[in-house]
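Here is the structure we will look at, set down as structure tokens.
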Amino acid sequence: MPATVSLDSVKPPIHEQIAELQKKIQLLDGDQKAFQEQSGWTIQKNGETIQWLRQENKKLHRKLADVLAGDEKVIKEAFQSRAVEKAAMRGKSGQAAIQVMDQKLCDKVKRLNALHHQTEKRRKHLEELQMLYKQNELVEQGKTGKEEEALEDEQNEATEQEEIPHQSLRVLENRLEKAQLKCQESEHIHNVYQKLKDHLQEESFTFQSQLDLLEAEILKQRQELKELQAMNKGAVMARDTARSELLRQEEELHRERRERDRILQEYKRQAEERRMHAERAERRAQRVILQGDDAPVETQLASNGQEEEKVIHTYQEAFQRIKDATGVTDTQEVVSRFIAQGETHRHLEQLKSENEKTLVRLKDEKERLQDAFQELKYSGEAKLSSGQQVLDELQMHLQMEEKKRDTSKEDLDRMSKILSSAKAGVEHLANKVQHIKVPRSHYPAPDLSPLSDEYVLDLLSITEEKLQKLLEELDGQDLGEVVKQMEEEEVSKSVSSQH
């Protein structure tokens, strides 16, 4: 009967390998958990950063809305030092307030023109009186020896007439000084507006390009941030997919290993039971044969029937046990079963070798999967770390650009206020001198919008020419007489309006 080989000799190496693989799997699980926690923390941090950026964006939008407030704030700032006019403009729109101020300005200009006319009339009257006075002096020098009484009367009349022009002359001189002060003030305002215009022209050349560059840079940074977020999301999805695939393969490997162990243990148990039954039957048969050989011939012949009965009984008992063990009833089948033990042993040996080959193949596959997992994990960590570094750099760059944008916005607000004040001053000054005529070629082009900067610049140049023309007209004239004439015209106008 073929000898059986125990399978216990190959069991310890397999268990050690399984234990080692389990330890490696536990280490991999720990690495997976650490990597998952680190990825979760990074995602949470990125989410907080995105939330903070959204809040900052909302704040900037609110600030921009406050900057672009309505006409009420503009009117309040424009009439901050004039409470009466601010109260009169309360509840009015910006266009209505401009119309009211234009109307008041027109009235003031008309009054100034009337005062200029009165001043001119009084200056002419003063010149006539001075000429008359000189003629009287010449006549008085040519006359000699006339009547003293007539001379005294003429002198008294001349004295009275002379006192009246002197008083008017002092009044006109005072008015002339006031007009000169106003003229100096207008020249100072003109110089200030000219400086503002030059400064604004210099800044207007580069300000729009700077704003465009900043907006393009912000849009570029936002696009890069979206791409990095999409890359991070893809890396997280790939990591989760690889992790789930690894878990599935590990579960399948454990399930196959358990199934193989169960089948192997079942085969070993069956082989051990059959071997034990076969050995017991063989020992009993040999014992019976040895007992039969050692007994004396006489005893054997004397008790032949009894021995035969015992042998038969022993064989019957052995056959019964073999039948119980193998589950067969035919002796030929029992012999066939014992003969088949060799084939069963060879089959078990072959199955053992196949299982060992399968175990080696599975170990190689596990190592390959482990290497793939390590490579995927490290590549994912490298991508995540590089993406995080790029994201941090972009965040810092975005903060710097936002600071630059805030500074540029503050400069824009300041320049807008200065430009608005300058525009209002230019329009105010232009309305004051709108009665002065200049050549038709100097008028603004009809295609320019009143709200455009080119219109204001053209209006400023026209106003400058009008002021220059006004200074040329007033050069050599008696400003006191002009002011007096304007006052007389204003008084006559007010009297006529009352009637």
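Does the range 227-242 include one or more residues that are of a type in the set (Ser, Thr, Tyr), out of contact with any Gly (no Cβ under 7 Å at 6 or more places or on another chain) and over 25 Å from Thr358 (Cβ atoms)?
yes
Kindly indicate whether any position in the range 129-148 is closer than 30 Å to Ile436 by Cα and at pLDDT 70 or above.
No, because not a single residue in the range 129-148 is closer than 30 Å to Ile436 by Cα and at pLDDT 70 or above.
Scan the range 253-273 and tell me whether some residue there is within 43 Å of the chain's Cα centre (by Cα) and closer than 30 Å to Lys366 by Cα.
Kept after step one, since they are within 43 Å of the chain's Cα centre (by Cα), are these residues of the range 253-273: none.
No, every residue in the range 253-273 fails to be within 43 Å of the chain's Cα centre (by Cα) and closer than 30 Å to Lys366 by Cα.
Taking Ser244, is it under 33 Å from the mean Cα position of the chain (by Cα), in a helix (DSSP H, G or I) and of a type in the set (Ser, Thr, Tyr)?
no
Table: residues versus (1) more than 22 Å from Asp406 (Cα to Cα); (2) in contact with a helix residue (DSSP H, G or I) (Cβ under 9 Å, 6 or more places away or on another chain); (3) at pLDDT below 70.
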position	(1), (2), (3)
Leu53	no, yes, no
Glu56	no, yes, no
Leu68	no, no, yes
Ala88	yes, yes, yes
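Which one of these does Gln468 not meet: (1) closer than 22 Å to Val100 by Cα; (2) modelled with pLDDT of 75 or more; (3) assigned to a helix (DSSP H, G or I)?
Exception for Gln468: condition (1).
Confirm whether Ser204 is among the small types (Gly, Ala, Ser) and under 28 Å from the mean Cα position of the chain (by Cα).
The answer is yes for Ser204.
Taking the conditions exactly as written (surrounded by 13 or more Cβ atoms within 10 Å (Cβ to Cβ) and either out of contact with any Ser or Thr (no Cβ under 7 Å at 6 or more places or on another chain) or touching a residue at least 40 places away in the same chain (Cβ under 8 Å) (or both)), does Arg248 satisfy them or not?
no
Inspect all residues belonging to the range 19-31 and state whether any of them is under 30 Å from Leu247 (Cβ atoms), surrounded by 11 or more Cβ atoms within 10 Å (Cβ to Cβ), polar (S, T, N, Q) and modelled with pLDDT under 80.
Within the range 19-31 (the criterion being under 30 Å from Leu247 (Cβ atoms), surrounded by 11 or more Cβ atoms within 10 Å (Cβ to Cβ), polar (S, T, N, Q) and modelled with pLDDT under 80), the answer is yes, since at least one residue qualifies.
The values are calculated or read from the model by the stated rules, or taken from the named source; none is laboratory data. Owing to the predicted nature of the structure, the values given are computational and were not obtained by experimental measurement. With ideal geometry, Cβ positions are generated from the backbone for all residues, glycine too; neighbour counts draw on all protein chains shown.
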